[in-house]
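The values are calculated or read from the model by the stated rules, or taken from the named source; none is laboratory data. On a predicted model such as this, the values are computed, not experimentally measured, just so you know. Positions of Cβ are generated from backbone atoms using ideal geometry, with glycine treated the same way; all protein chains shown enter the neighbour counts.
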């Protein structure tokens, strides 16, 4: 897989989501290594689906409001939670089960 990045990244005022399809764990790690060089982009992987997301003021505002509302709800309902912020949780073998 050959990937080229644009020479200059132009930040967008709004959040964009790009779902390039299903990838293997090794392909995800290769994409992740490339994206480490790009500011303002976050990457996630779940069950073969790679998600790229730009971040900015709008993203941070929405994230903060949602976080506040969830913490308020958990507190009111007596649900114990541990906010982890930007902590990375990574496992090649673990998926999501319901």
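So the values come out like this:
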quantity	calculated
Yes/no for residue 26 being over 17 Å from the mean Cα position of the chain (by Cα) and at pLDDT 85 or above	yes
Count of region 55-98 residues which are modelled with pLDDT of 75 or more and touching a helix residue (DSSP H, G or I) at 6+ places or on another chain (Cβ under 6 Å)	1
Residue tally, condition free of Cβ contacts under 8 Å to residues at least 24 places away in the same chain, assigned to a helix (DSSP H, G or I) and surrounded by 13 or more Cβ atoms within 10 Å (Cβ to Cβ), over region 30-59	2
